[in-house]
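A.B. asks: To start, I am sharing the structure in question, which I have written as structure tokens.
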Amino acid sequence: MAFENLIVEKKPPIGYITVNRPKVLNALNVKTVLELIDAFEEMAGDETIRVVILTGSGEKSFVAGADIKEFQNLSPDDARNYAIRGQKLLNLIERLGKPVIAAVNGYALGGGCEIAMACSIRIASDNARLGQPEVGLGLIPGYGGTQRLPRLVGKGRAYEMILTGEHIDAAKAERIGLVNKVVPRDSLIEECEKLATTIAKQAPLAVRYCLEAVDRGLNGSLDDGLALEADLFGLVFGSQDVKEGVTAFLEKRKPEFKGK
Ligand code: DAK
């Protein structure tokens, strides 16, 4: 599949999606959102890909938000379609069935911060700056920022970021739990690859069910989440991988998981 605004690579078990509009700091126009949907669907359907790394081109930016130029003549109907497309993309990332690591290599603002929050794990370079500046444009976050940010950092800190629109640096983002880890810019992708490789060694079905249990569980009550965990725990016991994992441990060898 050919992309105009993305670089998409596969080095199994890792898939790489890079937003490639460095001149506008990788701002997301409609075409890029549509291409991201295609690229993530492609990664979801490829069994050789176990973890996806999402990043931005250039030295300065992960994604500096939605492309503000496209907001100029947006009708209410356009805005509605805009929202539907964006939600489709972010839900796809969050429910891909395989982990997505955001390699936050600079500005992650507005829709950029929201995309990073839909990823399973965020690793930031030391020059990263994150924020939800929408109120300064007369907007509110529209790709889930009002929902995912408080879930990650708590209500007070989320209010502070959303209501002031201020950017925070990588160290603060790590301190409040918005990113998992901060690493030097030059080793960002390498650090993400190390993490991806460790995850890719685990049983694929178990990884998928863990993602589902955490993601769906967080959206409901504790009782519903525990019931879901029990169901998935039962389901995973029907897999060949659980037999392989347990047998390999007892035979003191490395397991060979098949994802079945
Ligand atoms: N859109 C379009 N162009 C952008 C851009 C953006 N978000 N961010 C940067 N650029 C462009 C700049 O216009 C500039 O272009 P030229 O002037 O060279 O043509 C180029 O990128 C370089 O940017 P700067 O010259 O400004 O670079 P600086 O280093 O001085 O500043 C900056 C970097 C990131 C602090 C600054 O560029 C900036 O503040 N950018 C805007 C960041 C921002 O406000 N982002 C949030 C956008 S609002 C919705 C769902 C979601 C959303 C909306 C609706 N619905 C459900 C309906 C999402 C909204 C957003 O993301």
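No lab work stands behind these numbers, since they all come straight from the coordinates. Since this is a predicted model, take the numbers as computed values, not measurements. Virtual Cβ from ideal backbone geometry, glycine too; neighbours counted across all protein chains shown.
A.B. asks: If you take the residues in the range 109-128 that are hydrophobic (A, V, I, L, M, F, W, C), within 12 Å of the chain's Cα centre (by Cα) and under 20 Å from LEU89 (Cα atoms), which one is surrounded by the most Cβ atoms within 10 Å (Cβ to Cβ)?
C.D. replies: Looking at the filtered set, the residue picked out is CYS113.
A.B. asks: In addition: Would you check which residues across the range 92-110 are more than 12 Å from the ligand (Cβ to nearest atom) and part of a loop (DSSP other than H, G, I, E, B) and list them?
C.D. replies: Initial filter on the range 92-110 (more than 12 Å from the ligand (Cβ to nearest atom)): 92-105.
Residues satisfying the conditions are ARG95, LEU96, GLY97, LYS98, PRO99, ASN105.
A.B. asks: Sticking with this structure for a sec: What's the total number of residues in the range 17-30 that are free of Cβ contacts under 8 Å to residues at least 40 places away in the same chain and either more than 13 Å from the ligand (Cβ to nearest atom) or of a type in the set (S, T, N, Q) (or both)?
C.D. replies: Matching residues across the range 17-30 total 3.
A.B. asks: Here's a follow-up. What number of residues within the range 50-76 satisfy the criterion of being touching a Gly at 6+ places or on another chain (Cβ under 8 Å) and surrounded by fewer than 20 Cβ atoms within 10 Å (Cβ to Cβ)?
C.D. replies: From the range 50-76, those touching a Gly at 6+ places or on another chain (Cβ under 8 Å) are 51-53, 56, 58-66; that's our starting set.
Going one step further and asking which of them are surrounded by fewer than 20 Cβ atoms within 10 Å (Cβ to Cβ), we end up with 58-60.
Going through the range 50-76 one residue at a time, the tally reaches 3.
Residue-wise test of (1) of a type in the set (D, E, K, R); (2) away from the ligand (no atom under 16 Å from the Cβ); (3) surrounded by 14 or more Cβ atoms within 10 Å (Cβ to Cβ); (4) under 30 Å from ARG50 (Cβ atoms).
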position: GLY144; (1), (2), (3), (4): no, no, yes, yes
position: LEU152; (1), (2), (3), (4): no, yes, yes, yes
position: LYS155; (1), (2), (3), (4): yes, yes, no, no
position: ILE189; (1), (2), (3), (4): no, yes, yes, yes
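A.B. asks: What is the residue count in the range 230-249 for residues that are of a type in the set (Ser, Thr, Tyr) and free of Cβ contacts under 8 Å to residues at least 24 places away in the same chain? Walk me through how you get there before you give the answer.
C.D. replies: First pass over the range 230-249, keeping only residues of a type in the set (Ser, Thr, Tyr): 239, 247.
Still in the running and free of Cβ contacts under 8 Å to residues at least 24 places away in the same chain: 247.
Summing the residues that are of a type in the set (Ser, Thr, Tyr) and free of Cβ contacts under 8 Å to residues at least 24 places away in the same chain in the range 230-249 gives 1.
A.B. asks: List every residue pair whose Cβ atoms sit under 7 Å apart, with the two residues 6 or more apart in sequence or on different chains, where the first one lies in the range 48-67 and is of a type in the set (S, T, N, Q) and the second, anywhere, is within 11 Å of the ligand (Cβ to nearest atom).
C.D. replies: THR55/PHE62; SER57/PRO22; SER57/ASN26; SER61/LEU25; SER61/ASN26; SER61/GLY106; SER61/TYR107
A.B. asks: Next question. Taking ARG148 as the residue in question, decide whether it is away from the ligand (no atom under 11 Å from the Cβ), under 20 Å from ARG216 (Cα atoms), in contact with a helix residue (DSSP H, G or I) (Cβ under 8 Å, 6 or more places away or on another chain) and in a helix (DSSP H, G or I). Lay out the reasoning, then the answer.
C.D. replies: On the way: away from the ligand (no atom under 11 Å from the Cβ): yes; under 20 Å from ARG216 (Cα atoms): yes; in contact with a helix residue (DSSP H, G or I) (Cβ under 8 Å, 6 or more places away or on another chain): yes; in a helix (DSSP H, G or I): yes.
Yes, satisfied.
A.B. asks: Got a number for residues in the range 111-142 being assigned to a helix (DSSP H, G or I), more than 8 Å from the ligand (Cβ to nearest atom) and among the charged types (D, E, K, R)?
C.D. replies: The total comes to 0.
To keep it simple, each residue is scored yes or no on (1) touching a Phe, Trp or Tyr at 6+ places or on another chain (Cβ under 8 Å); (2) among the basic types (Lys, Arg); (3) more than 25 Å from LYS10 (Cα to Cα).
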{"residue": "ALA44", "(1), (2), (3)": "no, no, no"}
{"residue": "ASP67", "(1), (2), (3)": "no, no, yes"}
{"residue": "PRO76", "(1), (2), (3)": "no, no, yes"}
{"residue": "ARG95", "(1), (2), (3)": "no, yes, no"}
{"residue": "LYS98", "(1), (2), (3)": "no, yes, no"}
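A.B. asks: A further question follows. Would you pick out the residues in the range 67-91 that are in a helix (DSSP H, G or I), within 6 Å of the ligand (Cβ to nearest atom) and within 23 Å of TYR107 (Cα to Cα)?
C.D. replies: Residues of the range 67-91 in a helix (DSSP H, G or I): 68-71, 76-91.
Next cut, within 6 Å of the ligand (Cβ to nearest atom) only: 68-69, 79, 82-83, 86.
Scanning the range 67-91 gives ILE68, LYS69, TYR82, ALA83, GLY86.
A.B. asks: Further question: Looking at (1) touching a residue at least 12 places away in the same chain (Cβ under 8 Å); (2) within 24 Å of ILE115 (Cβ to Cβ), which is the only condition LYS172 fails?
C.D. replies: Result: LYS172 passes all but (1).
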